Amino acid sequence: MTTEVQRDALGIFAELGFAVVHEGDETLRLIHEGVTVNRFSQLGATAESLQAECARHLVLKHHWDGALWHRQIDT
């Protein structure tokens, strides 16, 4: 379950299937659709670094074009 704090940190990416799990006192694990994307030090993790890693994952693994919505193109 994604908490309000996690939604604030992940921004729109929380609604795209990302979550953050605390691993002990020092580590955060970024997860997308049940798969670990990356681990962060709790001291060094920022909303910007988490969101950047979410975007990077979507681009590299899911061929994301950066749009936060789907567009229908008229032909």
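Throughout, read-outs are computed from the coordinates displayed, never taken from laboratory work. These figures come from a predicted structure and were not determined experimentally. In this analysis, Cβ positions are derived from the backbone assuming ideal geometry, glycine residues included, and neighbour counts consider all displayed protein chains.
Before moving on, here are some points about what is shown:
- Distance between modelled label sites at Glu48 and Glu15, nm, 7 Å Cα→Cβ extension: 2.4 nm
- Unit charges on C-beta of K, R, D, E only; dipole of the stretch 4-62, Debye: 260 debye
- The angle between the Cα long axis of helix 47-62 and the main principal axis of the chain comes to about 50°, on a 0 to 90 degree scale.
- Here the relative contact order of the chain, from alpha carbon pairs under 8 Å that lie six or more residues apart, stands at 22 percent.
- Read-out Rg/Rh (Cα atoms, Kirkwood Rh), derived from the coordinates shown; its label in (i) 1.03; (ii) 0.98; (iii) 1.08: (i)
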